[in-house]
Amino acid sequence: MSRKNIDRSFGFSTRAVHAGNEVDGETGAIRRPITMANSYELPYDPSEVGWSSAEGNIYTRNGGANQGYLQEKLRILYGGENHRDGGADDLDCVALASGVAALSGLFFSLLNSGDHVVVSDSTYIAAYRLLNELLPQKYNVESTLVDSSDPAQVQAAVCPNTKLIHIETPSNPTLKVSDIRAIAEIAHAAGALLSVDNTFASPYNQRPLEHGADLCVESLTKYINGHGDAMGGAVIGAKKWIDKIRAEAMVNLGGAISPFNAWLIMRGSVTLPLRMRQHNDSALAVARFLEAQPGVRFVSYPGLESHLGHAIAKAQSPGGFGGMLAFGLAAGHDAHNEFVSHLRVITSAVSLGHDESLIVFLGEQDERQYLYPEAFRGGFFRLSVGIEDTDDLLDDLTRALHATGL
């Protein structure tokens, strides 16, 4: 029984709470249950079933109930209509096992041997490795790394066989900002697609499809889940592209998300707007604090007026500037590690977008150092600002700076 008709006419917070969720028809529960099944009942005549079809529920590798609920929520958060209540818009979503599964699924499904890709020179390590090493070596897919914060460099890299431009904005780990609309125009003029990894921003802050991107990638593991306890990824875009990714990367490569992870992410996504407001506010306060410290060499955060991409970020990310920043100390390698050892609230760990603040030191041996701006090449921190009290985070950083002699 359907009781909700949640679509893009509602505000973002209302969509985050209600989209994809209905009263369970069997129990009356007001939350969708976890359906931990890998098989579903077949129709009377199963000979007509397409065994590799993702339509309906047949086998969880082809898609399951909880995955479907999550995909509906994400589609509506990105501005789609409610399919279950008659919406006929073209926007669709596929949820996969991880953010990397989403990236590799997109690349594997939409690129062929001999195709060319233009790629941001600042990206998540898996995207860098997939497009700069694995796909060129194994499948003869050409790639060109460019500073995508400069549309002229993107334009100059486009070739007759360019089929995809892939960017991150803000980028991991340098927080570089790229103009989505300008790059979308370049891509479309060349007959190519534009995909945007939106993980650092989340759909609360920024929705690339509204700025002309064709496909949007989210690591659901990060802000959308928000609790550091589940992994997932998603690609959102036009149905014709999502159907291809679903068939090739999910069904035939086995990238399906587990029912439990889909349920956990569905649960976490409800508080995304509340969490993002705190992430945004605290990260801006932390960035301003760090920028004022004589012991800090540089700070990269799009919310700072000193950031080269501040004006673009302000225009295309109306929700806020996110919870991620990078900074380096005016000190050597050992001092960076000593600084971390004095932190009591902020945890030294990888990943991002959790409720707790996380910091990781990226040293001078990072294989992508040659691609980073000069200020980053002496080693730096990537800081994911959590939802703790802002004053406690500032006190933690102050104490660590003083204890390190900075």
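What to note about this one:
- Helices (runs of 4 or more DSSP H) (entirely within segment 193-297) containing at least 1 residues that are closer than 17 Å to GLY68 by Cβ: 239-245, 259-269
- Residue count, segment 194-213 (criterion: surrounded by fewer than 23 Cβ atoms within 10 Å (Cβ to Cβ) and touching a helix residue (DSSP H, G or I) at 6+ places or on another chain (Cβ under 7 Å)): 2
- Of all residues in segment 82-108, those that are at positive phi have Cβ atoms under 9 Å from Cβ atoms of residues that are at pLDDT below 95, 6 or more apart or on another chain, in GLY86/ASN5.
- Residue count for segment 373-406 satisfying the condition of being crowded, with 19+ Cβ neighbours inside 10 Å and in a loop (DSSP other than H, G, I, E, B): 5.
- Here GLY79 does not qualify as within 22 Å of ALA37 (Cα to Cα) and either modelled with pLDDT under 95 or surrounded by fewer than 22 Cβ atoms within 10 Å (Cβ to Cβ) (or both).
- When restricted to residues that are over 25 Å from the mean Cα position of the chain (by Cα) and either outside any loop (DSSP other than H, G, I, E, B) or loosely packed, with under 12 Cβ neighbours inside 10 Å (or both), segment 1-37 contains 9.
- If you check ARG288, ARG275, ARG297 for being surrounded by 21 or more Cβ atoms within 10 Å (Cβ to Cβ) and either touching a residue at least 40 places away in the same chain (Cβ under 8 Å) or over 17 Å from the mean Cα position of the chain (by Cα) (or both), only one passes: ARG275.
- Counting only residues that are farther than 25 Å from GLY20 by Cα, part of a loop (DSSP other than H, G, I, E, B) and of a type in the set (S, T, N, Q), segment 40-69 holds 0 of them.
- Positions within segment 333-348 being out of contact with any strand residue (DSSP E or B) (no Cβ under 7 Å at 6 or more places or on another chain), closer than 18 Å to ASP395 by Cα and in a helix (DSSP H, G or I), in sequence order: GLU338, SER341
- Within segment 339-354, restricting attention to residues that are under 24 Å from the mean Cα position of the chain (by Cα) and surrounded by 17 or more Cβ atoms within 10 Å (Cβ to Cβ), the residue that is farthest from ALA230 (Cα to Cα) is ILE346.
The values are calculated or read from the model by the stated rules, or taken from the named source; none is laboratory data. Every value quoted in this text rests on a predicted model; they were computed, and no experiment measured them. All Cβ positions, even for glycine, are placed from backbone atoms using ideal geometry, and neighbour counts span all protein chains on display.
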